[in-house]
Amino acid sequence: MDFQQDPRALLRARTPGGLARGPVDVDPDATPGYPGGKAEGEATLEARAERLTQLQELLYANGVAGSVDAAGHGRSLLLVVQAMDTAGKGGIMRHVVGAMDPQGVEDAAFKAPTDEERSHHFLWRIRPHVPPAGFVGVWDRSHYEDVLIHRVRGLTPVPEIEQRYAEIREFEQELVQRGTRVLKVMLHLSKDEQQDRLAERLDRPDKFWKYHPSDVDERVYWDEYMEAYRIAIAETDTDQTPWYIVPANRKWYSRIAVQELVISALEGLDLEWPPAGFDIGAEKRRLAAS
């Protein structure tokens, strides 16, 4: 079963009229554009994985061949995944990103910065993880932590945070100009659903390792986080570096939605298989004679 409507249009944070939506404007239980249920969604995830892997191989092949765009840059894709805890980032990594060939994927998870990282500009630790030509880069949390938790917890003065939005726009535009397609996703679950998922972790010994007491502490700031997300998305969503808010109460839906967004982004690169850099006929003859 396919999406009946393009999820890019349905999930885009900024509406065609230019209005920037925030998490509170999106129903986390919804399944925009998809008419089926869990069983159909899981079948779709499996079926579309073939198309995803084909497109990723095409991107990787272009990187290996040194293919460049009209501006002379190699092409790559950056997927940024942001979410509250338990929203399903790990499931995206396993079920969507995990379907791709790992030799063409570079992933990074940005946790709390080290002392050394704090001594530098907030983008210092981010820049080394920009995907090279031919690669899909996946960031599990990102530079947006420095305008989300910092705003909620008052770790940085608001005027400096406001300046960081401008620096993020400039940084992401720089990536686009260098040939990187930027795709930013917020997985949006409800506060009640998060409570249920945290409770499950406390009921299952195999999930204890995923539980952190600080997760409950952060729930006190839920509304503040939703507002921080709204502001960050409004400040940094552009047509070249779009934000998508993906309902995440139904894990099966968030996975197929992100999968489809990645497929669309790779298709949008308009890549072709690189031509042979040798005489095909001659190599066939050599092979036959070997």
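The values are calculated or read from the model by the stated rules, or taken from the named source; none is laboratory data. These numbers come from a predicted model, not from an experiment. Please note: Cβ atoms are built from the backbone with ideal geometry, for glycine as well, and neighbour counts cover all protein chains shown. The area values use the complete protein model at the heavy-atom level, side chains included, leaving out ligands, DNA and RNA. Shrake-Rupley method; radii C 1.70, N 1.55, O 1.52, S 1.80 Å.
Hey, could you check region 1-38 for residues that are basic (Lys, Arg) and assigned to a helix (DSSP H, G or I) and say which is farthest from the chain's Cα centre (by Cα)?
The selected residue is 38.
Return the residue satisfying two criteria in turn: it lies in region 121-171 and is part of a loop (DSSP other than H, G, I, E, B) and either in contact with a Pro (Cβ under 6 Å, 6 or more places away or on another chain) or aromatic (Phe, Trp, Tyr) (or both), and of such residues it is surrounded by the most Cβ atoms within 10 Å (Cβ to Cβ).
Result: 144.
Give me the helices (runs of 4 or more DSSP H) completely within region 175-290, filtered to those with at least 3 residues that are of a type in the set (Gly, Ala, Ser) and over 21 Å from residue 9 (Cα atoms), ordered by residue number.
Counting at least 3 such residues, we get 280-289.
Need the failing condition index for residue 41 against (1) farther than 27 Å from residue 133 by Cα; (2) small (Gly, Ala, Ser); (3) under 17 Å from the mean Cα position of the chain (by Cα), just the number.
Result: residue 41 passes all but (3).
Of the residues in region 46-76, how many are outside any loop (DSSP other than H, G, I, E, B) and without any contact (Cβ under 8 Å) to a residue 24 or more places away in the chain?
Qualifying residue count for the region: 4.
Can you confirm whether region 79-102 contains a residue that is out of contact with any His (no Cβ under 8 Å at 6 or more places or on another chain), open to solvent by less than 70 Å² (accessible area, probe 1.4 Å), polar (S, T, N, Q) and assigned to a helix (DSSP H, G or I)?
Scanning region 79-102, I find no residue that is out of contact with any His (no Cβ under 8 Å at 6 or more places or on another chain), open to solvent by less than 70 Å² (accessible area, probe 1.4 Å), polar (S, T, N, Q) and assigned to a helix (DSSP H, G or I), so the answer is no.
So residue 282 clears everything in (1) over 30 Å from residue 158 (Cβ atoms); (2) open to solvent by less than 40 Å² (accessible area, probe 1.4 Å); (3) more than 17 Å from the chain's Cα centre (by Cα); (4) in contact (Cβ under 8 Å) with a residue 12 or more places away in the chain except one condition, right? Which one?
Here residue 282 meets the rest and fails (4).
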